[in-house]
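The values are calculated or read from the model by the stated rules, or taken from the named source; none is laboratory data. These figures come from a predicted structure and were not determined experimentally. Here the Cβ positions follow ideal geometry from the backbone for every residue, glycine too, while neighbour counts run over all protein chains shown. Only protein heavy atoms, including side chains, enter the accessible area calculation; ligands, DNA and RNA are left aside. Shrake-Rupley method; radii C 1.70, N 1.55, O 1.52, S 1.80 Å.
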Amino acid sequence: NLRALLMGILESISNQKAATRRVLRARRDNLDAVLCASHSAAVLTHLFQLPELNAAEVIFCFISTGAEVSTHGVIDRLRALGRIVLVPKILPGEPMRAVPFTGWDNLTQGVLGIPAPLESVAYPSYVDLVITPGLGFTPTGTRIGFGRGYYDRWFATLEHGLRVGIAHECQLEKSLPTEISDVPMHIVITEQRTIHIKPRP
């Protein structure tokens, strides 16, 4: 019947996503530290060439770990420019929050092993731009995350402006398995290029 067919399709997409995540994670994690640092510097340069970033007052940015494109320099530069910088805070069983960043000394080990603010109060107003992590992206803005759906749910429920995905060029794929709940990016940046994607209607 139709329900069984739909369930089968969803399970198939879920399995495809899990396999894709394994490949992309291994590809990213095989990059050496020198290359990661070089890519991160190039991405930072591309980011600050965006007029939308330079016009943004409130920026939500993930705190990078491991072989991710490093956002530490991005956060420091934004704060030096006097911007309001928000970073993710995840509490058990709750949606992700965008909490003001007040300094590297004011972080604690988060739920997923990612540094997070000691504070837990979410920023109450509009967010101009979101610098978004992902295991993979496509040139058309599709994103595959880490499988927990925190960002997609945040995007779906909170008002915000531009969504910018940052990654190593090796994390870009022509296509990725996707579901209706997956929220696309407006811009994708790697060390090699900045891809502007027309927002979907």
task: Name every residue in region 16-68 that is more than 15 Å from residue 130 (Cα to Cα) and assigned to a loop (DSSP other than H, G, I, E, B), in order of residue number.
output: 30, 31, 32, 49, 65, 66, 67, 68
- prompt: Mind checking which pairs have a first residue in region 19-31 that is on the phi < 0 side of the Ramachandran plot and among the acidic types (Asp, Glu) and a second that is open to solvent by 30 Å² or more (accessible area, probe 1.4 Å) and part of a loop (DSSP other than H, G, I, E, B), Cβ under 8 Å, 6 or more apart or different chains?
  reply: 29/66
message: Suppose we filter region 42-80 for residues that are of a type in the set (A, V, I, L, M) and loosely packed, with under 14 Cβ neighbours inside 10 Å; how many remain?
response: 2
field: Tally of residues being open to solvent by 30 Å² or more (accessible area, probe 1.4 Å) and part of a strand (DSSP E or B) across region 81-91
entry: 1
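At least 2 residues that are closer than 19 Å to residue 37 by Cα and either in contact (Cβ under 8 Å) with a residue 24 or more places away in the chain or not β-branched (Val, Ile, Thr) (or both) in each: list the strands (runs of 3 or more DSSP E) lying fully within region 132-201 that qualify.
By residue number, 160-166, 187-189.
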message: Can you tell me how many residues within region 92-121 are open to solvent by 30 Å² or more (accessible area, probe 1.4 Å), under 18 Å from the mean Cα position of the chain (by Cα) and on the phi < 0 side of the Ramachandran plot?
response: 7
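Test of understanding: among 190, 140, which residue is β-branched (Val, Ile, Thr) and closer than 24 Å to residue 72 by Cβ?
Exactly one of 190, 140 is β-branched (Val, Ile, Thr) and closer than 24 Å to residue 72 by Cβ, namely 190.
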